[in-house]
Amino acid sequence: QERRERKRKLSKEMAEKATRELEKMQLKEKADIKYKEWLEKKRAEEAEKKKKEKEKEKERVAELQEKRTRSEKIFKEWLQNARNKPQPALNGYGFPHGRAAGLYIQY
């Protein structure tokens, strides 16, 4: 009788232990799945962030190029206009530096 009781008790303990082990394995699998999902989400976010940074850099480079092109165009226009402007008569008519030459006039 006692032997049967011990066997029954032992088999019950073994069954409980197996159940606990199974629950542990299931929890571990769930945790692994959740971790993989989280990791995948993080990688996707990181990829999106890098993509946005690349686009911003591309926009910045395009903006700089456009600014440089505009500056060059404006400079060329200024240069062309400067060539076409008549030069003022320097030292003309006996007035070097805007004063009468050879006369000592006091104001």
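The values are calculated or read from the model by the stated rules, or taken from the named source; none is laboratory data. Every value quoted in this text rests on a predicted model; they were computed, and no experiment measured them. SASA here: full protein model, heavy atoms, side chains in, ligands and nucleic acids out. Shrake-Rupley method; radii C 1.70, N 1.55, O 1.52, S 1.80 Å.
Residue count for region 66-78 satisfying the condition of being at pLDDT 95 or above and either open to solvent by less than 100 Å² (accessible area, probe 1.4 Å) or acidic (Asp, Glu) (or both): 4. Looking only at residues that are at pLDDT 55 or above and in a helix (DSSP H, G or I) in region 79-95, which one is most open to solvent (accessible area, probe 1.4 Å)? Taking the candidates together, the pick is ARG83.
Counting only residues that are more than 53 Å from the chain's Cα centre (by Cα) and open to solvent by 100 Å² or more (accessible area, probe 1.4 Å), how many does region 14-27 have? Residues meeting the conditions: 2.
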